[in-house]
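The values are calculated or read from the model by the stated rules, or taken from the named source; none is laboratory data. Just so you know, these numbers come straight off a predicted model, no measurement behind them. Counting neighbours? That spans all protein chains shown, and the Cβs are built from the backbone with ideal geometry, glycine included. The area values use the complete protein model at the heavy-atom level, side chains included, leaving out ligands, DNA and RNA. Shrake-Rupley method; radii C 1.70, N 1.55, O 1.52, S 1.80 Å.
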2 protein chains.
Amino acid sequence: MQAATLAAGLGLLAPAVLAQNNQSYYDYTTNGNPQLDQRTLATIPLGFPDCDNGPLAGTTVCNTSVPAYQRASALVSMMTLEEVVNNTVNTAPGVPRLGVPPYEVWNEALHGLTHFYQPDNGSFSWTTAFPQPILSMASMNRSLIHQIGDIISTQARAASNAGRYGLDVYSPNINGFRSPVWGRGQETPGEDAFFLSSLYTYEYVTSMQGGVNPVVPKMETVIKHFAGYDLETWHGHSRLGNDLNITAQNLAGYFTPQFKTGIQYAKAKGIMCAYNAVNGEAGCSDPFFLQTLLREEWGFDKQNGFVSSDCGAVYSVFNPHMDAPNRTAAAAIAMRAGTDIDCGTEYAYYLTPALNEQLIDRATIDRALTRLYAGLVEAGYFDGNSSMYRDLTWDDVVRTDALNISYEAAVEGLTLLKNDGNLPLKKSHDCKSVALIGPFANATDQLIGDYAPTPNYIISPLAAFEDSDWEVNYAFGTGVLWRNTSGFEEALEAARNSDVIVYAGGIDLTIEDEALDRENITWPGNQLQLINQLSQLGKPLTVLQFGGGQVDGTALKNNDNVNSLMWCGYPGQSGGQAVVDVLSGKRAPAGRLVTTQYPAEYVNQFDQRDTELQPHGSCPGQTYMWYTGEPVYAFGHGLFYTTFDEEVAGNSSGTFNITELVSQPHDDYEYVEHVPLVTFEAKVTNTGDMDSDYSAMLFANTTSGPAPRPIKWLVGIDREATIPPGGSCTVSIEVPLGVLARANEAGDLIVYPGEYELALNNERSVVYSLTLTGNAVPIAMWPLQLEEGATGNM
Amino acid sequence: MQAATLAAGLGLLAPAVLAQNNQSYYDYTTNGNPQLDQRTLATIPLGFPDCDNGPLAGTTVCNTSVPAYQRASALVSMMTLEEVVNNTVNTAPGVPRLGVPPYEVWNEALHGLTHFYQPDNGSFSWTTAFPQPILSMASMNRSLIHQIGDIISTQARAASNAGRYGLDVYSPNINGFRSPVWGRGQETPGEDAFFLSSLYTYEYVTSMQGGVNPVVPKMETVIKHFAGYDLETWHGHSRLGNDLNITAQNLAGYFTPQFKTGIQYAKAKGIMCAYNAVNGEAGCSDPFFLQTLLREEWGFDKQNGFVSSDCGAVYSVFNPHMDAPNRTAAAAIAMRAGTDIDCGTEYAYYLTPALNEQLIDRATIDRALTRLYAGLVEAGYFDGNSSMYRDLTWDDVVRTDALNISYEAAVEGLTLLKNDGNLPLKKSHDCKSVALIGPFANATDQLIGDYAPTPNYIISPLAAFEDSDWEVNYAFGTGVLWRNTSGFEEALEAARNSDVIVYAGGIDLTIEDEALDRENITWPGNQLQLINQLSQLGKPLTVLQFGGGQVDGTALKNNDNVNSLMWCGYPGQSGGQAVVDVLSGKRAPAGRLVTTQYPAEYVNQFDQRDTELQPHGSCPGQTYMWYTGEPVYAFGHGLFYTTFDEEVAGNSSGTFNITELVSQPHDDYEYVEHVPLVTFEAKVTNTGDMDSDYSAMLFANTTSGPAPRPIKWLVGIDREATIPPGGSCTVSIEVPLGVLARANEAGDLIVYPGEYELALNNERSVVYSLTLTGNAVPIAMWPLQLEEGATGNM
């Protein structure tokens, strides 16, 4: 069933499976911050200022001919210090005296809307739940990311217009999924921070905001978490207190380039500082990140951007980081370092005392709120109902294209890891029943992942199979973490009674979540035991591996009786339908892993807080770029149902002078490093007998520049829509100079002269030989360091 | 003769005294920079881009609906690296291929236009020469400063429209006139950097630019020299190599607040980094000044501002500062630190090599030029002839108000230091001849000072006297620096033949100039010897003391036969007329010294490069705020011809809570520290028998806060126009909270609770008792310092 008919068939307003409001947001009260109250604004509607008849009428903030920052500044200047301070926190009460309504900075939109005022029924009782980003990105389809962002922002604007949502979102989450134990890796586009996270960031931000440098931002995106945040609780080390030592080389090459892309190239209007410290300074009190990199190097001030703390992170500057001697000082240094808005309540309580203790000045407090309001001014907050996007309503949420795209994203992300020909399932007179077994077999909420929107329906694998022409024998079998085998027999019985077996398991939020890292990356509970028993029944067995992080599937890979293995991530509200449609061959898989499936021992080989990516000591290197071990399934791995022949199209080699490249005009590009250098082209022919999408990753490797060199690194992706048997298409990937850069020890991103290969996929089926001549050329220098004593503090 | 009739009487286009084009600009070739060519652009006309028919037509830079920075960025993106690099220097060749005309960044407008393409005759062969700022500021008339700036910018725009001038000026010079030996103190508004230099900067910038945050800047002002520049060649120490140790306290309290005012409050579009180093880092390669203070703290990026080096200062980063190992590195670190434009040629020669040596990236080079062009875009450079200010022509230069204001500024600045009743001169049947003696008696160019505009006429004192009804006996007498007495006898003879004697001497550009400090502050040459001989003739003797810096007049002060002493600064093109009109009583003096006249030994008591203002060691303290010795004539000293009675008007005391003050709304003010706190009012009655202007300085002193405390500091000025005998007026000076702040050792500007007095003039004739309660409150914090290792360089 295609998604368009799916939505109609299920009945848009009478969904087959109603989702429960099962939000499990992080409980801050358990994490050492006694003052951060539970978020309360979701119980009251928001509103827009009335510039026509309210107290603000006729004031500068309502004057659309004045530049945004000046309008915001004029508004803030009308407030008392107390009024300013009260509004520097996420749940801002507004200024009733001035007709400034309450505003909630904290809105989430990771893969659909959360954290908004949601009545129990009627308009806005649901919005679309897309797959988790890690699955959507596995599609290799950047247009899809853009479509999703466009839909989410439309729904967000509609909710905002209805008083249920703000004009900014604390999304996306773009930290590199470096350590496989990270509980929030599911929220990210994977482990390739330099290229893929940047690409994802660009598409998400520009689609959510309505373009690059839009006159009116559709929705302001607050990219997060800046920087170095990629662990929650590993080995009992809280994210709130982690202090990561990161070299300039890895900061520039891995931990910050996606933020640079978000701010400098995509012009994100917001950024969130992280809980953790880097090199001794807490994320929200680090002027190197929040001023030097963000504002000086990346030009954040030019786009009226604001910084929000992660929720509770201002408090964390004091406890546990102790980068300030007390909460008052922590509030002051966080704001002075550049954290404009406190997601929390520290600023509300401690900024005025801080001023009285001569730790901060009024102008800095005013500036912080002005930055927030400058963005709201740009977004039309003060411009009345006729301004752009203010006509979006619930009717714009109730559209089938949103449901279609959610379904489509799930289909496109599904990644086939192993297949001996078992898939797609071939239904016939003799093969008509399926045993559907496992903790995800009847999953609903489990399919959504964290930061879960509440959709109008969730289609479980069981519901989708039941809606198909297969006979289904369902058995729960075991839970994700179960040790007891009480359900095994029922499962085995169901399997014995069926022609084929599908096991749906993996990991869920009970094992990977915000505030919850994994301690190992093995299959949890007794799932492997059950799968092993199922595999001994002599029937075709497919294993569906749900969850954001990879689990070591060595046992499944090596077991010839496990015929197929497919990674399903968190596929969203139509996830079950997508899975069943791919299993049944209605759709063909073409996803590729955006993380490495490491063997289980990997996470025990080194301290997961060790951020040095390059191999050293007992650490075999981190991410596919540096990992010297043998992955179970490699980054970029993904099988098709059909076979493709790939051959060179166009040039297969080229020589370019770097200096000339970097010296050229770059008319249609803001930055010269984005001008396409090579257009890699391959002719791809479907040599099998099934329709299939084609997906591609293009990797670079080189002998140029100083060692150590990465094994390879990603420089391009592509996805081509359905290619019929015998059909072919040309995969065309533009490679700009910038993606060939590598960070040196000083943190400068350098393109070195020498020999490069651009190779298609892990199989290197097509290779382009690239020679760069001339001098090594920097793409971006790491900031100059202040000399000792040059600051007047002698 | 009033100025209006003066101009007419002299004939606007047939001036009585034609100025010679006697520009003596600093010769860079003598200062160790072999590459900095003499400025050549003054020989070619400039022009505006043609957005209608040129190659740029239809491109983004010509699209007026796009924000300025994006327009500029689009322009720069069309250029090759070579084209970009070529235009990052002051004499920019433009890009012929793209129809971008040459542009000259270096235009000067200190007290009238210089450095522009000036034909020998006809239109723009002259423009108005105002007095040097140090004299104009002595008027205590902030409106006058504003009028002057408004006229200069009109003339600059007219010259720009004629292709003879740019759209920015390397003015004003706002370094504090700390050391009296400084050769360029004449260019400044004096020694009170915290209040008076800030006030001057605000008026100059907002008048030149056409307002605060104007939609179209009239003329972009590049305030200079940032920071700590206030010596040229003292004791053989070149400004190019000076490295001043300045505490955070004095940086915040003295060396930078006027720049803060210029950038943050007045929104100057440009700033110039200085030759000298501060605390080990050359001015043009110091990210603390050029990024942290300027862009982070003061918000320079918000106003599309650009930084220019002082001319040759990029080279100085290498030699003599050695803050870079060679010229290539110097160019790179200067630009990376935030110096966008090189007044010089280093960038043109060394940026491309720097990129090839991986010292800088293309984006940073592009950004630098984009910043310059963003300002030009704002100023309408690409907007065609119909844009604002493009209708100004030579007719707008040929206006008598410019000449009137130049005359008026001279009159208002003249400062009477001593007078026993001799002045004004009382012409009568028995007293009708004047002996006019000395090196300034027939001065023309000498009246202008440095950065000399070429006016249509210059009225020497001799010419003005000859144009009066006095009989004049002129004798040169001696030169400024002469040791030979060959002219004495002629002078004495002239004096003997006259009823009154006027000696016009002092110092000129042969002793104080750019690249020329004084080694002592005594009267130079044998002038005192001649004056002494003149004083023994038994005739009324007036000494006119020309020049910007003060000279120790102890001998004149103590000599009862020197009846009058008047400081005349560099009074500009009508200076002689102004002097004679004041001497003759047609106008009355009301100027006040904006520098301290120190005794001669002062400059030998400590190293003039010692920037610690507070008394220490052999240094008796610097500026009137800290000087513990006895000045010859104090800062603020200035006599009237009439007598004034000053008495309290309104309140004479008040108590305010600082916390409440800083917590109030500040609606009509961008910053709360500018909201008036006290309106100091005094009733001033002319109790003498002559018309006179009245001028006032208001000083604060306090026992609050930590020691050491300044003796007093300036918090307000005023000038009231002509008050007739018996007449009175109310002097009203608004004192905002911000001017009561003092910098603490950390560099934070703090207002302390406690007792203050606001006292009128040095005489303290009216005192307002101010009590501040509550907590000490910061007005502006010094920037947070980065912690060791927090920058990724581990």
Completion exercise
A correct Stokes-Einstein calculation for the range B:572-683, using the alpha-carbon Kirkwood radius, 4 °C and 1.567 mPa s, returns a whole-number D in µm² s⁻¹ of 69 µm²/s
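How well do other chains shield peptide B:353-366, expressed as the mean number of their Cβ atoms within 10 Å of each residue Cβ? Intermediate values should be presented prior to the final figure.
Details: counts 1, 1, 6, 9, 4, 12, 3, 3, 13, 13, 14, 4, 2, 4.
Shielding by partners across B:353-366 averages 6.
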Practice task
Please report, to one decimal in angstroms, the Kirkwood hydrodynamic radius of the range A:644-780 built from all distinct Cα-Cα pairs.
Solution key: 15.8 Å
Exercise for the section: Using a cut-off of under 16 Å, list every residue of the range A:352-392 whose amide N is near the label point 7 Å from the Cα of B:Asn63 along the Cα-to-beta-carbon line. Expected result: none
Completion exercise
Of all C-alpha pairs within the range A:705-759, those more than 15 angstrom apart amount in percent to 59 percent
Exercise for the section: Using all C-alpha to C-alpha distances in the range B:261-353, build P(r) with 10 Å bins and read off the rounded percent in each one. Expected result: 20, 51, 25, 4
Practice task
Between A:Thr730 and B:Glu630, with labels modelled 7 Å along Cα→Cβ, what's the label distance in nm to one decimal, could you check?
Solution key: 9.5 nm
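For A:Asn422 and A:Asp469, FRET efficiency with R0 = 25 Å and r from the beta-carbon atoms, rounded to 0.05? Each step should come with its number before you reach the end.
Working: r = 19 Å, r/R0 = 0.75.
Result of the calculation: an efficiency of 0.85.
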Exercise for the section: List the relative contact order of chain A as a percent without decimals, with contacts defined as Cα pairs under 8 Å and 6+ residues apart. Expected result: 14 percent
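Counting only DSSP beta bridges with both residues in the protein assembly as shown, what percent are antiparallel, rounded to the nearest 5?
Working: 104 of 182 bridges.
Here the antiparallel bridges make up roughly 55 percent for the protein assembly as shown.
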Handout entry: Between B and A, accessible area buried - total, square angstrom, nearest 100, 1.4 angstrom probe
Key = 6300 Å²
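Which FRET efficiency value, to the nearest 0.05, is calculated for A:Glu745 and A:Thr687 with the Förster distance at 41 angstrom and r the Cβ-Cβ distance?
Working: r = 46 Å, r/R0 = 1.13.
The formula returns an efficiency of 0.30 here.
Looking only at Cα atoms, what is the convex hull volume of the range A:544-596 per residue, in Å³?
Values: hull volume 4.7 nm³, N = 53.
Here the figure is 89 Å³ per residue.
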Handout entry: Within chain A, percent of DSSP bridges classed antiparallel, to nearest 5
Key = 55 percent
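What size of dipole, in debye to the nearest 20, comes out for the protein assembly as shown about its Cα centre when the only charges are +1 on Lys and Arg C-beta atoms and -1 on Asp and Glu C-beta atoms?
Details: 84 positive and 176 negative charges, 122 e Å.
With only Lys, Arg, Asp and Glu charged at Cβ, the dipole is about 580 debye.
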Fill in the blank from the handout: Using a 1.4 Å probe on heavy atoms of the protein chains only, the accessible area for B:Glu612 in Å², nearest 10, reads 70 Å²
Practice task
Pull up all non-local amide H partners of B:Gly344: gap of 5 or more, or a different chain, and H-to-H distance under 5 Å with H placed in the peptide plane.
Solution key: B:Asn90, B:Thr91, B:Gly312
Completion exercise
Expected response for nearest chain A Cβ to the A-B rotation axis, distance in whole Å, is A:Asp301, 2
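Find the all-direction average of the projected area of the Cα convex hull for the protein assembly as shown, expressing the result in square nanometres with one decimal place.
Working: hull surface 226.8 nm².
Hull-based average projected area comes out at 56.7 nm².
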Handout entry: Longest to shortest principal axis, alpha-carbon extents of chain B, angstrom
Key = 79, 65, 48
Problem - Cys residues of chain B counted as unpaired, since no other Cys beta-carbon is under 4.7 Å - result: B:Cys431, B:Cys568, B:Cys619, B:Cys729
Problem - Paramagnetic reach from A:Ser486 (point 7 Å along Cα→Cβ, amide N under 18 Å) across the range A:525-541 - result: A:525-527, A:530
Completion exercise
With every protein chain in place, the accessible area of A:His237 for a 1.4 Å probe, in Å² rounded to the nearest 10, comes to 60 Å²
Exercise for the section: Along Cα→Cβ, 7 Å out, is where each label goes; now give me the distance between the ones at A:Glu763 and B:His235 in nm to one decimal. Expected result: 8.0 nm
Practice task
Calculate, in whole percent, how much of the Cα-Cα pair population of the range A:92-185 lies beyond 16 Å.
Solution key: 62 percent
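Evaluate E = 1/(1 + (r/R0)^6) for A:Ala721 and A:Lys432, where r is the Cβ-Cβ distance and R0 equals 25 Å; express this FRET efficiency to the nearest 0.05. All intermediate terms of the calculation are to be shown ahead of the outcome.
Working: r = 31 Å, r/R0 = 1.25.
Calculated value: 0.20.
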Problem - Distance (nanometres) between label positions extended 7 Å along Cα→Cβ at B:Val648 and A:Glu660 - result: 8.3 nm
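Could you compute Rg(Cα) / (2.2 N^0.38 Å) for the range B:411-604, with N its residue count? Could you put the intermediate results ahead of the total?
Working: Rg = 15.3 Å, N = 194, 2.2 N^0.38 = 16.3 Å.
Here the answer is 0.94, to two decimals.
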Practice task
Specify the angular offset, from 0 to 90 degrees and rounded to the nearest 10, of the alpha carbon long axis of helix A:327-337 from the longest principal axis of the alpha carbons in chain A.
Solution key: 80 degrees
Handout entry: Label distances, nm, A:Gln605 versus same residue in remaining copies, Cβ-directed 7 Å point
Key = 7.3
Problem - 5 angstrom amide H check on A:Asn319, placed H, neighbours 5+ away - result: none
Fill in the blank from the handout: Expected field for A:Glu490, accessible surface area in Å² at 1.4 Å probe radius, rounded to 10, holds 110 Å²
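Past the 18 angstrom mark, what percentage of all C-alpha to C-alpha distances in the range A:643-695 do you count? List each step's numbers first, then the result.
Numbers: 749 of 1378 pairs.
Value for the range A:643-695: 54 percent of Cα pairs lie more than 18 Å apart.
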Fill in the blank from the handout: Taking the reciprocal of mean 1/r across every pair of different Cα atoms in the range A:341-411, the Kirkwood radius in Å is 16.2 Å
Fill in the blank from the handout: Taking the alpha-carbon centre of each part, the distance from the range A:617-657 to the range B:312-337 in Å is 44 Å
Exercise for the section: Along Cα-to-Cβ, 7 Å out, sits the label point; list in nm, shortest first, how far the one on A:Pro706 is from those in the other copies. Expected result: 4.4
Practice task
Could you pull out every one of the lysines with an alpha carbon less than 26 Å from that of A:Lys427, ignoring same-chain neighbours closer than 8 positions?
Solution key: A:Lys418, A:Lys539, A:Lys557, A:Lys586
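Beyond a 26 Å Cα-Cα separation, which of these cross-linked pairs lie in this structure: B:Lys426/B:Lys683; A:Lys269/B:Lys269; A:Lys426/A:Lys683; A:Lys260/B:Lys302? Could the numbers behind the result be given before it?
On the way: B:Lys426/B:Lys683 30 Å; A:Lys269/B:Lys269 24 Å; A:Lys426/A:Lys683 30 Å; A:Lys260/B:Lys302 19 Å.
Violating the 26 Å Cα-Cα cut-off are B:Lys426/B:Lys683; A:Lys426/A:Lys683.
What Kirkwood radius, in Å to one decimal, follows from the Cα pairs of the range B:442-534? Don't skip to the end; give the middle numbers.
On the way: mean 1/r = 0.0680 Å⁻¹.
After inverting the pairwise mean of 1/r, the radius is 14.7 Å.
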Fill in the blank from the handout: Inter-copy distances for A:Asp469, nm, shortest first, label points 7 Å along Cα→Cβ, are 12.3
Problem - Folded to 0 to 90 degrees: helix B:198-209 orientation relative to chain B principal axis, Cα - result: 60 degrees
